[in-house]
Amino acid sequence: MAYIPAPDYQPTYKPMPPYNQPIPGGLSVGMSVYIQGVVNERVKRFSVNFSTGQTPEADIAFHFNPRFDKWYKVVFNTQQGGRWGKEEKKRSMPFSKGAHFELVFMVLQEHYKVVVNGSPFYEYGHRIPVQMVTHLQVDGDLTLQSINFIGGQPVPNQGPRNAEPPNSLPAAEGPPILNPPVPYVGKLQGELAARKTILIKGYVPYHSKSFMVSLKVESTGDLALHVNPRLSEGIVVWNSHLNNSWGKEERSTSFNLFGPGQHFDLSIHCSLDHFKVSVNRQHLFDFPHRLRGFHTVDTLEVHGDVTLTYIQMLGA
């Protein structure tokens, strides 16, 4: 049976530009759009458009356009009725030729917040209502590695749209945590409950031997789930640690989805009776709850040889 990812996480891997696809449920406040890629060595320009449709005649609510020809700059604008509005620009280039990048668009109440490689870059005020945006377009001199639509909030009294995108994504539990340091110890963004998902994006360095991801009850020290990719052994081990004692260890020896020098998306989906864990849209394991009160889990810990780029909890 083909693995179907949790409905609150919709990544696309290695899409070919030009990319022009519906945003799951349309754009909404609280959503983040996460784009990974590499800028071509001979880049002149590339663009990211938040559009009200898939056709060339559709309005563009937000046009994000890094330009390497002539003077390096990034241009921001909106197109309505076939006409461009007043151009905004920043004479600063956060991208490098031939280099990997991580580009995040956070959709906030008043503006789009653009974050490049973990650093805030620009805020662009809404000129077209967010709820009118249905499609994401990416084109130009770049290679795409992944596009993720993460979180979001339903828009009240939302009228019908011409397009019919896939089901809406569940709401994000607060803003994402970008490029946190390792070791990482942080409170979960809201109570852990059934139908919630913890999304962890990161990078495995070439020298990595092992790292650990744990869901912990801070008051008792119990680990409801402990995931330990061991790169040096080529396996992934998972377990629980309750009442000062490790439980029965489980492991995958057939394949390891965490590769040295590779980026990863780790999704931990909580259901009523188990955790469903996947990596890069591939199912890794199901782990029945050993901690009865799994809702008491309040802390996420990450240790070891790993770099983190994005952490967020998604609600039902």
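For region 102-119, the criterion of being polar (S, T, N, Q), over 19 Å from the mean Cα position of the chain (by Cα) and either surrounded by 14 or more Cβ atoms within 10 Å (Cβ to Cβ) or at positive phi (or both) is met by none of the residues. Does V74 qualify as being modelled with pLDDT of 95 or more, in contact with a Pro (Cβ under 6 Å, 6 or more places away or on another chain) and either closer than 22 Å to L178 by Cα or buried (at least 20 other Cβ atoms within 10 Å of the Cβ) (or both)? Considered against the rule, which asks whether it is modelled with pLDDT of 95 or more, in contact with a Pro (Cβ under 6 Å, 6 or more places away or on another chain) and either closer than 22 Å to L178 by Cα or buried (at least 20 other Cβ atoms within 10 Å of the Cβ) (or both), V74 comes out as yes. The lone criterion from (1) under 20 Å from the mean Cα position of the chain (by Cα); (2) more than 23 Å from V33 (Cβ to Cβ) left unmet by F264 is number (2).
For region 214-231, the criterion of a residue being within 21 Å of T307 (Cβ to Cβ) and not in a strand (DSSP E or B) is satisfied by at least one position. Just a yes or no: is a residue in region 251-260 surrounded by fewer than 19 Cβ atoms within 10 Å (Cβ to Cβ), assigned to a strand (DSSP E or B) and either touching a strand residue (DSSP E or B) at 6+ places or on another chain (Cβ under 9 Å) or not assigned by TED's automatic domain parsing to the domain that holds R195 (or both)? Within region 251-260, one or more residues are surrounded by fewer than 19 Cβ atoms within 10 Å (Cβ to Cβ), assigned to a strand (DSSP E or B) and either touching a strand residue (DSSP E or B) at 6+ places or on another chain (Cβ under 9 Å) or not assigned by TED's automatic domain parsing to the domain that holds R195 (or both).
Of V74, V116, V107, all but one fail to be touching a strand residue (DSSP E or B) at 6+ places or on another chain (Cβ under 6 Å) and under 23 Å from D265 (Cβ atoms); the exception is V116.
Note on region 174-194: among residues that are in a strand (DSSP E or B) and of a type outside the set (D, E, K, R), the one that is farthest from T307 (Cα to Cα) is G186. Of the residues making up region 261-282, those that are surrounded by 19 or more Cβ atoms within 10 Å (Cβ to Cβ) and farther than 15 Å from L308 by Cβ are H269, C270, F275, V277, S278.
Of all residues in region 211-239, those satisfying the criterion of being surrounded by 17 or more Cβ atoms within 10 Å (Cβ to Cβ) and among the small types (G, A, S) are S214, A224.
For region 18-39, name all the residues that are at pLDDT 95 or above and part of a loop (DSSP other than H, G, I, E, B). Matches in region 18-39: P18 only.
The values are calculated or read from the model by the stated rules, or taken from the named source; none is laboratory data. This is a predicted model, so every value here is computed, not measured. Here Cβ is always computed from backbone atoms with ideal geometry, including for glycine, and neighbour counts include all displayed protein chains.
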